[in-house]
1. Which of the residues that make up region A:276-297 are within 27 Å of the chain's Cα centre (by Cα) and surrounded by fewer than 17 Cβ atoms within 10 Å (Cβ to Cβ)?
2. Just to be sure I understand, how many residues within region A:351-369 are outside any helix (DSSP H, G or I) and within 25 Å of the chain's Cα centre (by Cα)?
3. Please go through region A:23-58 and pick out each residue that is crowded, with 17+ Cβ neighbours inside 10 Å and under 15 Å from residue B:5 (Cβ atoms).
4. Does at least one position in region A:31-39 carry a residue that is charged (D, E, K, R) and either in contact with a Phe, Trp or Tyr (Cβ under 8 Å, 6 or more places away or on another chain) or within 14 Å of chain B (Cβ to nearest Cβ) (or both)?
5. Among the residues that make up region B:63-84, is at least one of them among the polar types (S, T, N, Q), in contact (Cβ under 8 Å) with a residue 12 or more places away in the chain, over 23 Å from residue A:69 (Cβ atoms) and more than 12 Å from chain A (Cβ to nearest Cβ)?
6. Quick one: how many residues across region A:45-102 are more than 14 Å from chain B (Cβ to nearest Cβ) and either closer than 24 Å to residue A:323 by Cα or small (Gly, Ala, Ser) (or both)?
7. How about region A:10-25: which of its residues are more than 14 Å from chain B (Cβ to nearest Cβ) and more than 10 Å from residue A:48 (Cβ to Cβ)?
Amino acid sequence: MLKRNEEILDFLAEGIFTVDKNFIVNYFNKAAERITGFTPDEVKGRKCKQIFQSDLCMDKCPIAEALSMGKNLFDLKSKIRKKDGTLVNVKLNVGILRDENQNPIGGVITFRDLCYLVNNECENFDHFYGIVGNSRVMTNIFNLIQEIAYTDTSVLITGETGTGKEMIANAIQATSRRKNEKYIKVNCAVLPPSLLASELFGHSKGAFTDAIKDRIGRFELADGGTIFLDEIAEMPIQMQAQLLRVIQEGTFERLGESITRKVDVRIIAATNVDIKEAINAGRFREDLYYRLNVIPIEVPPLRERKEDIPFLINHFLKKYNLIYKKEIKKIEKDALEVLMAYQWPGNIRELENVIEYAVIRTKSEESLTLCSLPEFIFEGMTTCIKKQNQNISPARLLQLLEENRWNKSKVARLLGINRTTLWRWMKESNLI
Amino acid sequence: MLGNYHFMIRDYYSALNELEQALDKDPENKLIRKKLIICLTQVGKVREAFNQFYLLINEDVEIIINTRPDWEDCPCPHLVKKIEKDEIPTENMLEKYLQLGMLWLYCDANESVENFKNALKLTADDRLLHVIKIIEPYTKLNN
(Lines give C-alpha, C1' and ligand atoms only; values in the text may rest on other atoms or scores of the structure.)
Protein backbone atom coordinates (compact mmCIF):
# COMPACT_ATOMS: atom_id res chain seq x y z
CA MET A 1 0.00 0.00 0.00
CA LEU A 2 2.85 2.39 0.88
CA LYS A 3 4.49 1.71 -2.49
CA ARG A 4 1.19 2.37 -4.24
CA ASN A 5 0.82 5.68 -2.39
CA GLU A 6 4.30 6.71 -3.48
CA GLU A 7 3.46 5.86 -7.08
CA ILE A 8 0.40 8.08 -6.87
CA LEU A 9 2.39 10.96 -5.38
CA ASP A 10 5.05 10.54 -8.07
CA PHE A 11 2.35 11.06 -10.67
CA LEU A 12 1.47 14.56 -9.40
CA ALA A 13 2.86 17.72 -11.01
CA GLU A 14 3.39 19.37 -7.62
CA GLY A 15 6.62 18.78 -5.76
CA ILE A 16 6.05 17.03 -2.44
CA PHE A 17 8.40 16.26 0.39
CA THR A 18 7.90 15.24 3.99
CA VAL A 19 10.09 15.71 7.04
CA ASP A 20 10.15 13.98 10.40
CA LYS A 21 10.02 15.88 13.66
CA ASN A 22 13.74 16.65 13.42
CA PHE A 23 13.11 18.30 10.04
CA ILE A 24 14.90 15.47 8.27
CA VAL A 25 13.54 14.72 4.80
CA ASN A 26 12.02 11.23 4.53
CA TYR A 27 10.04 11.46 1.32
CA PHE A 28 10.68 13.29 -1.96
CA ASN A 29 8.50 12.79 -5.03
CA LYS A 30 9.39 12.86 -8.75
CA ALA A 31 8.08 16.41 -9.31
CA ALA A 32 10.22 17.67 -6.42
CA GLU A 33 13.19 15.98 -8.11
CA ARG A 34 12.32 17.64 -11.43
CA ILE A 35 11.91 21.12 -9.90
CA THR A 36 15.00 21.07 -7.66
CA GLY A 37 17.40 18.80 -9.52
CA PHE A 38 18.07 16.74 -6.36
CA THR A 39 17.44 13.00 -6.40
CA PRO A 40 15.58 11.43 -3.47
CA ASP A 41 18.79 9.71 -2.35
CA GLU A 42 20.58 13.05 -2.15
CA VAL A 43 18.02 14.62 0.16
CA LYS A 44 16.60 11.80 2.27
CA GLY A 45 18.18 11.75 5.72
CA ARG A 46 19.25 15.41 5.54
CA LYS A 47 17.67 18.44 7.17
CA CYS A 48 15.43 20.36 4.77
CA LYS A 49 17.08 23.74 5.49
CA GLN A 50 20.48 22.34 4.51
CA ILE A 51 19.13 21.34 1.12
CA PHE A 52 16.70 24.03 0.03
CA GLN A 53 18.13 27.05 1.90
CA SER A 54 14.85 28.89 1.44
CA ASP A 55 14.60 32.53 2.44
CA LEU A 56 12.04 31.39 5.01
CA CYS A 57 14.13 28.63 6.63
CA MET A 58 15.95 30.72 9.20
CA ASP A 59 13.24 33.15 10.06
CA LYS A 60 9.78 31.93 9.25
CA CYS A 61 10.03 28.20 8.60
CA PRO A 62 6.61 27.33 7.12
CA ILE A 63 6.40 24.08 9.09
CA ALA A 64 7.24 25.86 12.36
CA GLU A 65 4.70 28.57 11.53
CA ALA A 66 2.03 25.94 10.85
CA LEU A 67 2.94 24.23 14.12
CA SER A 68 2.78 27.47 16.10
CA MET A 69 -0.51 28.53 14.53
CA GLY A 70 -2.01 25.06 14.76
CA LYS A 71 -3.28 25.11 11.19
CA ASN A 72 -2.14 24.27 7.69
CA LEU A 73 -0.83 27.12 5.53
CA PHE A 74 -1.49 27.73 1.85
CA ASP A 75 0.00 29.68 -1.04
CA LEU A 76 3.14 30.92 0.69
CA LYS A 77 5.64 32.43 -1.71
CA SER A 78 9.28 31.53 -1.27
CA LYS A 79 12.51 30.81 -3.08
CA ILE A 80 14.37 27.54 -2.76
CA ARG A 81 17.85 26.68 -3.91
CA LYS A 82 18.20 24.08 -6.64
CA LYS A 83 21.02 21.58 -6.89
CA ASP A 84 22.84 23.81 -9.40
CA GLY A 85 22.77 26.69 -6.88
CA THR A 86 20.19 28.81 -8.66
CA LEU A 87 17.04 29.96 -6.91
CA VAL A 88 13.57 28.96 -7.97
CA ASN A 89 10.39 30.86 -7.04
CA VAL A 90 7.81 28.54 -5.57
CA LYS A 91 4.38 28.74 -4.06
CA LEU A 92 3.93 26.22 -1.29
CA ASN A 93 1.39 24.63 1.00
CA VAL A 94 2.28 23.24 4.40
CA GLY A 95 0.62 20.63 6.58
CA ILE A 96 1.55 19.04 9.90
CA LEU A 97 1.61 15.25 10.19
CA ARG A 98 0.35 13.90 13.52
CA ASP A 99 0.19 10.55 15.24
CA GLU A 100 -2.97 8.95 16.61
CA ASN A 101 -2.67 11.09 19.76
CA GLN A 102 -2.44 14.26 17.68
CA ASN A 103 1.22 14.77 18.57
CA PRO A 104 3.17 16.30 15.68
CA ILE A 105 5.49 13.77 14.05
CA GLY A 106 6.51 15.72 10.96
CA GLY A 107 5.42 17.99 8.16
CA VAL A 108 4.49 17.84 4.50
CA ILE A 109 5.26 20.54 1.96
CA THR A 110 3.85 20.70 -1.54
CA PHE A 111 5.26 23.25 -3.96
CA ARG A 112 4.90 24.56 -7.49
CA ASP A 113 7.58 26.18 -9.64
CA LEU A 114 6.21 29.69 -10.28
CA CYS A 115 9.09 30.68 -12.51
CA TYR A 116 9.06 27.79 -14.90
CA LEU A 117 7.34 29.61 -17.73
CA VAL A 118 8.76 33.00 -16.92
CA ASN A 119 12.34 31.77 -16.86
CA ASN A 120 11.95 29.81 -20.04
CA GLU A 121 10.35 32.61 -21.95
CA CYS A 122 12.30 35.53 -20.62
CA GLU A 123 15.62 34.48 -22.05
CA ASN A 124 15.44 37.21 -24.63
CA PHE A 125 15.82 40.02 -22.17
CA ASP A 126 18.18 40.69 -19.35
CA HIS A 127 17.39 40.23 -15.73
CA PHE A 128 19.75 40.14 -12.82
CA TYR A 129 18.74 38.01 -9.86
CA GLY A 130 15.10 38.64 -10.71
CA ILE A 131 15.59 42.37 -11.35
CA VAL A 132 14.43 43.37 -14.82
CA GLY A 133 16.38 46.18 -16.39
CA ASN A 134 18.17 46.94 -19.63
CA SER A 135 18.74 50.64 -19.09
CA ARG A 136 22.23 51.99 -18.63
CA VAL A 137 21.54 53.12 -15.05
CA MET A 138 20.35 49.64 -14.03
CA THR A 139 23.24 47.95 -15.83
CA ASN A 140 25.62 50.17 -13.86
CA ILE A 141 23.93 49.05 -10.63
CA PHE A 142 24.23 45.38 -11.62
CA ASN A 143 27.93 45.89 -12.41
CA LEU A 144 28.49 47.58 -9.04
CA ILE A 145 26.78 44.70 -7.21
CA GLN A 146 29.12 42.24 -8.91
CA GLU A 147 32.15 44.38 -8.13
CA ILE A 148 31.35 44.46 -4.41
CA ALA A 149 30.62 40.73 -4.21
CA TYR A 150 33.92 40.06 -2.43
CA THR A 151 33.56 42.72 0.25
CA ASP A 152 31.64 42.77 3.51
CA THR A 153 31.21 46.53 3.69
CA SER A 154 27.91 48.22 4.49
CA VAL A 155 25.63 49.27 1.66
CA LEU A 156 23.01 52.03 1.73
CA ILE A 157 20.30 51.73 -0.92
CA THR A 158 18.21 54.81 -1.57
CA GLY A 159 15.29 55.34 -3.89
CA GLU A 160 11.61 56.15 -4.03
CA THR A 161 9.05 53.69 -2.80
CA GLY A 162 8.40 50.82 -5.19
CA THR A 163 11.70 51.10 -7.05
CA GLY A 164 12.87 47.65 -5.97
CA LYS A 165 15.32 48.46 -3.16
CA GLU A 166 14.66 45.12 -1.45
CA MET A 167 15.37 43.25 -4.69
CA ILE A 168 18.68 45.11 -4.98
CA ALA A 169 19.47 44.08 -1.38
CA ASN A 170 18.57 40.47 -2.23
CA ALA A 171 20.90 40.56 -5.23
CA ILE A 172 23.73 41.98 -3.10
CA GLN A 173 23.28 39.16 -0.60
CA ALA A 174 22.94 36.50 -3.28
CA THR A 175 26.19 37.53 -4.96
CA SER A 176 28.15 38.03 -1.75
CA ARG A 177 30.56 35.69 0.05
CA ARG A 178 27.83 35.28 2.65
CA LYS A 179 25.24 34.01 0.20
CA ASN A 180 24.96 30.67 1.96
CA GLU A 181 24.75 32.23 5.42
CA LYS A 182 21.75 33.61 7.24
CA TYR A 183 19.91 36.55 5.68
CA ILE A 184 17.60 38.41 8.04
CA LYS A 185 15.28 41.23 7.01
CA VAL A 186 13.90 43.86 9.38
CA ASN A 187 11.56 46.68 8.45
CA CYS A 188 12.39 49.45 10.93
CA ALA A 189 9.12 51.27 10.23
CA VAL A 190 6.83 48.36 11.03
CA LEU A 191 7.66 47.99 14.70
CA PRO A 192 7.08 50.66 17.35
CA PRO A 193 10.35 52.07 18.76
CA SER A 194 9.88 50.22 22.05
CA LEU A 195 9.76 46.85 20.28
CA LEU A 196 12.39 47.57 17.65
CA ALA A 197 15.26 47.51 20.16
CA SER A 198 14.10 44.15 21.46
CA GLU A 199 13.63 42.85 17.92
CA LEU A 200 17.12 43.88 16.86
CA PHE A 201 19.14 43.18 19.98
CA GLY A 202 16.97 40.73 21.94
CA HIS A 203 15.99 40.97 25.57
CA SER A 204 16.30 39.11 28.82
CA LYS A 205 13.36 37.87 30.84
CA GLY A 206 11.84 40.72 32.85
CA ALA A 207 13.51 43.48 30.80
CA PHE A 208 10.05 45.01 30.34
CA THR A 209 6.48 44.13 31.23
CA ASP A 210 5.85 41.68 28.40
CA ALA A 211 9.31 40.10 28.43
CA ILE A 212 8.14 36.78 29.85
CA LYS A 213 11.20 34.93 28.58
CA ASP A 214 14.63 35.60 27.13
CA ARG A 215 14.57 36.33 23.44
CA ILE A 216 17.33 36.35 20.86
CA GLY A 217 17.57 39.45 18.63
CA ARG A 218 17.86 39.67 14.86
CA PHE A 219 21.53 40.62 15.01
CA GLU A 220 22.38 37.46 16.92
CA LEU A 221 20.22 35.45 14.55
CA ALA A 222 22.12 36.92 11.59
CA ASP A 223 25.57 36.20 13.09
CA GLY A 224 27.94 35.24 10.28
CA GLY A 225 25.45 36.42 7.66
CA THR A 226 23.67 39.52 6.46
CA ILE A 227 20.96 41.77 7.87
CA PHE A 228 18.76 43.99 5.71
CA LEU A 229 17.45 47.03 7.56
CA ASP A 230 14.65 48.43 5.45
CA GLU A 231 13.37 51.96 6.07
CA ILE A 232 16.43 52.70 8.20
CA ALA A 233 15.57 56.40 8.48
CA GLU A 234 12.57 55.46 10.61
CA MET A 235 14.87 54.09 13.32
CA PRO A 236 14.67 56.17 16.52
CA ILE A 237 17.72 58.36 17.07
CA GLN A 238 18.67 56.72 20.40
CA MET A 239 18.73 53.28 18.76
CA GLN A 240 20.91 54.62 15.96
CA ALA A 241 23.74 54.93 18.52
CA GLN A 242 23.41 51.21 19.31
CA LEU A 243 23.43 50.36 15.62
CA LEU A 244 26.53 52.48 15.11
CA ARG A 245 28.27 50.46 17.83
CA VAL A 246 27.33 47.18 16.16
CA ILE A 247 28.78 48.45 12.89
CA GLN A 248 31.97 49.78 14.48
CA GLU A 249 32.70 47.10 17.07
CA GLY A 250 30.26 44.29 16.36
CA THR A 251 29.10 44.44 19.99
CA PHE A 252 25.80 45.08 21.76
CA GLU A 253 23.82 44.09 24.86
CA ARG A 254 20.37 42.59 25.02
CA LEU A 255 17.71 44.75 26.69
CA GLY A 256 17.82 44.26 30.43
CA GLU A 257 21.17 42.47 30.34
CA SER A 258 24.75 43.63 30.94
CA ILE A 259 26.56 40.88 29.03
CA THR A 260 28.30 42.27 25.95
CA ARG A 261 27.77 40.08 22.92
CA LYS A 262 29.76 40.05 19.72
CA VAL A 263 28.46 39.38 16.23
CA ASP A 264 29.79 39.42 12.70
CA VAL A 265 26.99 40.75 10.52
CA ARG A 266 27.07 42.47 7.14
CA ILE A 267 24.59 45.36 7.02
CA ILE A 268 22.55 46.41 4.02
CA ALA A 269 20.23 49.35 4.72
CA ALA A 270 17.61 51.05 2.60
CA THR A 271 15.49 54.16 2.78
CA ASN A 272 13.09 56.12 0.62
CA VAL A 273 13.56 59.40 2.46
CA ASP A 274 16.11 62.12 1.79
CA ILE A 275 18.62 61.09 4.41
CA LYS A 276 20.65 64.30 4.15
CA GLU A 277 17.50 66.21 5.00
CA ALA A 278 16.88 63.85 7.91
CA ILE A 279 20.43 64.59 9.16
CA ASN A 280 19.85 68.33 8.91
CA ALA A 281 16.58 67.94 10.78
CA GLY A 282 18.35 65.99 13.55
CA ARG A 283 16.41 62.78 12.88
CA PHE A 284 19.37 60.79 11.62
CA ARG A 285 22.92 60.59 12.95
CA GLU A 286 25.52 61.84 10.55
CA ASP A 287 28.19 59.40 11.79
CA LEU A 288 25.81 56.46 11.21
CA TYR A 289 25.08 57.73 7.72
CA TYR A 290 28.77 57.72 6.82
CA ARG A 291 29.23 54.24 8.31
CA LEU A 292 26.29 52.87 6.32
CA ASN A 293 26.99 54.78 3.17
CA VAL A 294 30.30 53.06 2.39
CA ILE A 295 28.76 51.79 -0.82
CA PRO A 296 25.80 53.95 -1.84
CA ILE A 297 23.34 52.65 -4.41
CA GLU A 298 20.66 54.97 -5.70
CA VAL A 299 17.83 53.13 -7.43
CA PRO A 300 16.28 55.43 -10.06
CA PRO A 301 12.53 56.00 -10.25
CA LEU A 302 10.79 54.28 -13.13
CA ARG A 303 10.10 57.60 -14.91
CA GLU A 304 13.88 57.99 -15.29
CA ARG A 305 14.33 54.59 -16.93
CA LYS A 306 11.29 54.33 -19.13
CA GLU A 307 13.21 52.21 -21.62
CA ASP A 308 12.79 49.37 -19.11
CA ILE A 309 8.98 49.61 -19.09
CA PRO A 310 8.39 47.25 -22.08
CA PHE A 311 10.66 44.63 -20.47
CA LEU A 312 8.93 45.01 -17.14
CA ILE A 313 5.50 44.74 -18.77
CA ASN A 314 6.63 41.58 -20.55
CA HIS A 315 7.92 40.17 -17.27
CA PHE A 316 4.72 40.90 -15.36
CA LEU A 317 2.55 39.67 -18.23
CA LYS A 318 4.21 36.29 -18.00
CA LYS A 319 3.93 36.23 -14.24
CA TYR A 320 0.22 37.04 -14.20
CA ASN A 321 -0.55 34.82 -17.18
CA LEU A 322 0.76 32.02 -15.06
CA ILE A 323 -1.19 33.02 -11.99
CA TYR A 324 -4.49 33.76 -13.74
CA LYS A 325 -4.09 31.00 -16.31
CA LYS A 326 -4.23 33.33 -19.33
CA GLU A 327 -2.21 33.40 -22.53
CA ILE A 328 -1.83 37.09 -23.26
CA LYS A 329 1.23 37.42 -25.46
CA LYS A 330 1.61 41.16 -25.98
CA ILE A 331 0.36 44.65 -25.24
CA GLU A 332 -1.30 46.79 -27.89
CA LYS A 333 0.77 49.69 -29.15
CA ASP A 334 -1.68 52.37 -27.96
CA ALA A 335 -1.85 50.83 -24.47
CA LEU A 336 1.94 50.69 -24.31
CA GLU A 337 2.16 54.31 -25.34
CA VAL A 338 -0.17 55.31 -22.52
CA LEU A 339 1.93 53.37 -20.02
CA MET A 340 5.11 54.94 -21.40
CA ALA A 341 3.59 58.41 -21.01
CA TYR A 342 2.50 57.89 -17.40
CA GLN A 343 4.81 59.23 -14.66
CA TRP A 344 4.61 56.19 -12.30
CA PRO A 345 4.75 57.83 -8.85
CA GLY A 346 4.48 54.35 -7.32
CA ASN A 347 7.23 53.06 -9.60
CA ILE A 348 7.57 49.35 -10.45
CA ARG A 349 5.15 48.24 -7.76
CA GLU A 350 2.50 50.46 -9.35
CA LEU A 351 3.30 49.15 -12.83
CA GLU A 352 2.99 45.59 -11.59
CA ASN A 353 -0.40 46.36 -10.06
CA VAL A 354 -1.57 47.95 -13.31
CA ILE A 355 -0.52 44.93 -15.35
CA GLU A 356 -2.16 42.55 -12.90
CA TYR A 357 -5.35 44.63 -13.10
CA ALA A 358 -5.19 44.66 -16.91
CA VAL A 359 -4.55 40.91 -17.15
CA ILE A 360 -7.58 40.24 -14.98
CA ARG A 361 -9.81 42.68 -16.88
CA THR A 362 -8.81 42.18 -20.49
CA LYS A 363 -11.31 40.35 -22.65
CA SER A 364 -8.88 39.84 -25.48
CA GLU A 365 -7.19 36.46 -25.40
CA GLU A 366 -4.14 37.66 -27.28
CA SER A 367 -3.16 41.10 -26.03
CA LEU A 368 -3.57 43.76 -23.38
CA THR A 369 -5.69 46.56 -24.75
CA LEU A 370 -6.15 50.20 -23.87
CA CYS A 371 -9.56 49.45 -22.40
CA SER A 372 -8.17 47.01 -19.89
CA LEU A 373 -6.00 49.65 -18.20
CA PRO A 374 -7.27 51.30 -14.99
CA GLU A 375 -8.83 54.70 -15.47
CA PHE A 376 -6.43 56.62 -13.24
CA ILE A 377 -3.68 56.00 -15.79
CA PHE A 378 -5.49 58.33 -18.18
CA GLU A 379 -5.83 61.23 -15.76
CA GLY A 380 -4.00 64.29 -17.01
CA MET A 381 -3.27 62.59 -20.29
CA THR A 382 -6.37 63.54 -22.22
CA THR A 383 -4.57 65.77 -24.69
CA CYS A 384 -1.85 63.25 -25.23
CA ILE A 385 -4.26 60.39 -25.79
CA LYS A 386 -6.48 62.48 -27.98
CA LYS A 387 -3.50 63.25 -30.16
CA GLN A 388 -2.49 59.62 -30.26
CA ASN A 389 -6.00 58.55 -31.17
CA GLN A 390 -6.55 61.03 -33.97
CA ASN A 391 -5.75 58.34 -36.49
CA ILE A 392 -7.62 55.46 -34.88
CA SER A 393 -8.65 52.92 -37.48
CA PRO A 394 -12.31 51.93 -38.02
CA ALA A 395 -11.41 48.34 -37.08
CA ARG A 396 -9.79 49.46 -33.80
CA LEU A 397 -12.73 51.71 -33.02
CA LEU A 398 -15.13 48.82 -33.64
CA GLN A 399 -13.02 46.57 -31.41
CA LEU A 400 -13.08 49.16 -28.61
CA LEU A 401 -16.84 49.54 -28.88
CA GLU A 402 -17.41 45.79 -28.81
CA GLU A 403 -15.04 45.30 -25.88
CA ASN A 404 -17.08 47.86 -23.95
CA ARG A 405 -20.48 46.58 -25.06
CA TRP A 406 -21.07 49.72 -27.13
CA ASN A 407 -20.94 51.90 -24.02
CA LYS A 408 -20.08 55.11 -25.88
CA SER A 409 -19.48 57.20 -22.77
CA LYS A 410 -16.87 54.73 -21.61
CA VAL A 411 -15.17 54.46 -24.99
CA ALA A 412 -15.09 58.24 -25.31
CA ARG A 413 -13.48 58.47 -21.88
CA LEU A 414 -10.90 55.83 -22.78
CA LEU A 415 -10.04 57.66 -25.98
CA GLY A 416 -9.87 61.00 -24.23
CA ILE A 417 -12.58 62.56 -26.40
CA ASN A 418 -16.15 63.67 -25.81
CA ARG A 419 -19.23 61.74 -26.93
CA THR A 420 -19.88 64.09 -29.85
CA THR A 421 -16.44 63.48 -31.27
CA LEU A 422 -16.89 59.77 -30.82
CA TRP A 423 -20.20 59.92 -32.62
CA ARG A 424 -18.49 61.79 -35.51
CA TRP A 425 -15.68 59.24 -35.67
CA MET A 426 -18.19 56.39 -35.68
CA LYS A 427 -20.08 58.04 -38.51
CA GLU A 428 -16.88 58.56 -40.51
CA SER A 429 -16.08 54.89 -39.95
CA ASN A 430 -19.54 53.77 -41.08
CA LEU A 431 -20.27 52.30 -37.70
CA ILE A 432 -23.63 54.02 -37.39
CA MET B 1 8.94 19.54 17.15
CA LEU B 2 8.97 23.32 17.59
CA GLY B 3 11.89 22.86 19.97
CA ASN B 4 13.79 21.08 17.21
CA TYR B 5 13.07 24.00 14.90
CA HIS B 6 14.31 26.64 17.34
CA PHE B 7 17.36 24.51 18.02
CA MET B 8 17.97 24.22 14.29
CA ILE B 9 17.97 28.00 13.85
CA ARG B 10 20.10 28.40 17.01
CA ASP B 11 17.44 30.25 18.99
CA TYR B 12 18.44 28.49 22.19
CA TYR B 13 16.11 30.36 24.54
CA SER B 14 13.01 29.43 22.58
CA ALA B 15 14.37 25.93 21.99
CA LEU B 16 14.94 25.46 25.72
CA ASN B 17 11.41 26.53 26.48
CA GLU B 18 9.94 24.05 23.97
CA LEU B 19 12.32 21.19 24.80
CA GLU B 20 11.55 21.46 28.51
CA GLN B 21 7.85 21.12 27.73
CA ALA B 22 8.55 18.12 25.49
CA LEU B 23 10.69 16.54 28.21
CA ASP B 24 7.85 16.91 30.72
CA LYS B 25 5.78 14.67 28.44
CA ASP B 26 8.61 12.26 27.68
CA PRO B 27 11.18 12.48 30.54
CA GLU B 28 13.27 9.54 29.34
CA ASN B 29 13.79 10.86 25.81
CA LYS B 30 17.56 10.97 25.40
CA LEU B 31 17.50 12.91 22.13
CA ILE B 32 15.63 15.76 23.81
CA ARG B 33 18.02 15.68 26.76
CA LYS B 34 20.98 15.74 24.40
CA LYS B 35 19.75 18.99 22.82
CA LEU B 36 18.64 20.41 26.15
CA ILE B 37 22.22 20.25 27.46
CA ILE B 38 23.47 22.40 24.58
CA CYS B 39 20.63 24.90 25.08
CA LEU B 40 21.31 25.18 28.80
CA THR B 41 24.98 25.97 28.19
CA GLN B 42 24.02 28.68 25.71
CA VAL B 43 21.57 30.47 27.98
CA GLY B 44 24.09 30.69 30.79
CA LYS B 45 22.75 27.75 32.87
CA VAL B 46 26.02 25.86 32.81
CA ARG B 47 25.62 24.12 36.19
CA GLU B 48 22.14 22.90 35.27
CA ALA B 49 23.51 21.73 31.94
CA PHE B 50 26.22 19.79 33.76
CA ASN B 51 23.65 18.12 36.03
CA GLN B 52 21.72 16.96 32.96
CA PHE B 53 24.94 15.95 31.22
CA TYR B 54 26.07 13.92 34.19
CA LEU B 55 22.78 12.02 34.35
CA LEU B 56 22.75 11.36 30.62
CA ILE B 57 26.30 10.08 30.23
CA ASN B 58 25.79 7.79 33.22
CA GLU B 59 22.87 6.27 31.33
CA ASP B 60 24.22 6.35 27.79
CA VAL B 61 27.43 8.21 27.00
CA GLU B 62 27.34 7.01 23.38
CA ILE B 63 24.23 9.04 22.62
CA ILE B 64 26.54 12.05 22.76
CA ILE B 65 29.81 10.51 21.62
CA ASN B 66 28.26 9.06 18.48
CA THR B 67 27.00 12.47 17.31
CA ARG B 68 27.84 13.16 13.68
CA PRO B 69 28.03 16.98 13.72
CA ASP B 70 27.80 17.54 9.96
CA TRP B 71 25.02 15.06 9.44
CA GLU B 72 23.02 16.15 12.46
CA ASP B 73 23.61 19.89 11.95
CA CYS B 74 25.08 19.97 15.46
CA PRO B 75 26.17 23.48 16.55
CA CYS B 76 28.92 22.24 18.89
CA PRO B 77 31.93 22.51 16.53
CA HIS B 78 31.00 26.17 15.97
CA LEU B 79 30.23 26.81 19.63
CA VAL B 80 33.46 25.38 21.04
CA LYS B 81 35.50 27.59 18.73
CA LYS B 82 33.60 30.67 19.86
CA ILE B 83 33.91 29.76 23.54
CA GLU B 84 37.64 29.09 23.19
CA LYS B 85 38.09 32.51 21.58
CA ASP B 86 35.95 34.10 24.34
CA GLU B 87 33.47 35.27 21.73
CA ILE B 88 30.76 33.71 23.90
CA PRO B 89 31.13 35.14 27.40
CA THR B 90 31.38 32.81 30.40
CA GLU B 91 31.03 33.59 34.10
CA ASN B 92 34.45 32.20 35.08
CA MET B 93 37.11 29.71 34.01
CA LEU B 94 35.39 26.77 35.70
CA GLU B 95 32.20 27.34 33.73
CA LYS B 96 34.23 27.78 30.57
CA TYR B 97 35.95 24.40 31.02
CA LEU B 98 32.68 22.74 31.98
CA GLN B 99 31.00 24.11 28.86
CA LEU B 100 33.90 23.07 26.66
CA GLY B 101 34.06 19.64 28.28
CA MET B 102 30.39 19.00 27.60
CA LEU B 103 30.24 20.48 24.09
CA TRP B 104 33.50 18.87 22.93
CA LEU B 105 32.03 15.47 23.71
CA TYR B 106 29.65 15.97 20.77
CA CYS B 107 32.69 16.33 18.50
CA ASP B 108 35.88 14.94 20.06
CA ALA B 109 36.22 12.86 23.25
CA ASN B 110 39.93 13.73 23.70
CA GLU B 111 39.25 17.47 23.82
CA SER B 112 36.34 16.83 26.14
CA VAL B 113 38.49 14.99 28.67
CA GLU B 114 41.20 17.65 28.53
CA ASN B 115 38.69 20.33 29.43
CA PHE B 116 37.12 18.31 32.22
CA LYS B 117 40.65 17.77 33.62
CA ASN B 118 41.17 21.55 33.54
CA ALA B 119 37.86 22.01 35.34
CA LEU B 120 38.91 19.49 37.95
CA LYS B 121 41.90 21.67 38.81
CA LEU B 122 39.47 24.43 39.82
CA THR B 123 36.94 22.44 41.85
CA ALA B 124 36.72 19.36 44.00
CA ASP B 125 33.49 18.08 42.42
CA ASP B 126 33.81 14.26 42.45
CA ARG B 127 31.41 13.99 39.56
CA LEU B 128 34.14 15.33 37.28
CA LEU B 129 36.37 12.36 38.13
CA HIS B 130 33.51 10.05 37.31
CA VAL B 131 32.81 11.86 34.02
CA ILE B 132 36.44 11.53 32.97
CA LYS B 133 36.39 7.84 33.87
CA ILE B 134 33.34 7.29 31.65
CA ILE B 135 34.74 9.18 28.67
CA GLU B 136 38.38 8.06 28.77
CA PRO B 137 37.81 4.62 27.21
CA TYR B 138 36.53 6.39 24.11
CA THR B 139 39.60 8.57 23.89
CA LYS B 140 41.71 5.41 23.84
CA LEU B 141 39.49 4.12 21.05
CA ASN B 142 40.14 7.32 19.15
CA ASN B 143 43.88 6.98 19.57
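1. The answer is A:293, A:294, A:296.
2. 2
3. Matches in region A:23-58: A:23, A:24, A:25, A:47, A:48, A:49, A:52, A:54, A:56, A:57, A:58.
4. No.
5. yes
6. First pass over region A:45-102, keeping only residues more than 14 Å from chain B (Cβ to nearest Cβ): A:71-93, A:100.
Narrowing further to those that are either closer than 24 Å to residue A:323 by Cα or small (Gly, Ala, Ser) (or both): A:72-82, A:85-93.
Residues flagged as more than 14 Å from chain B (Cβ to nearest Cβ) and either closer than 24 Å to residue A:323 by Cα or small (Gly, Ala, Ser) (or both) within region A:45-102 amount to 20.
7. Of region A:10-25, the ones more than 14 Å from chain B (Cβ to nearest Cβ) are A:10-17.
Matches in region A:10-25: A:10, A:11, A:12, A:13, A:14, A:15, A:16.
For every residue, the table says whether it meets (1) modelled with pLDDT of 90 or more; (2) in a loop (DSSP other than H, G, I, E, B); (3) under 30 Å from residue A:240 (Cβ atoms); (4) hydroxyl-bearing (Ser, Thr, Tyr).
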| residue | (1), (2), (3), (4) |
| --- | --- |
| A:270 | yes, no, yes, no |
| A:276 | yes, no, yes, no |
| A:284 | yes, yes, yes, no |
| A:291 | yes, no, yes, no |
| A:297 | yes, no, yes, no |
| A:303 | yes, no, no, no |
| A:312 | yes, no, no, no |
| A:317 | yes, no, no, no |
| A:326 | no, yes, no, no |
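The values are calculated or read from the model by the stated rules, or taken from the named source; none is laboratory data. Note that the structure is predicted; figures quoted are calculated from it, not measured. Glycine gets a Cβ as well: all are built from the backbone with ideal geometry, and neighbour counts include every protein chain shown.
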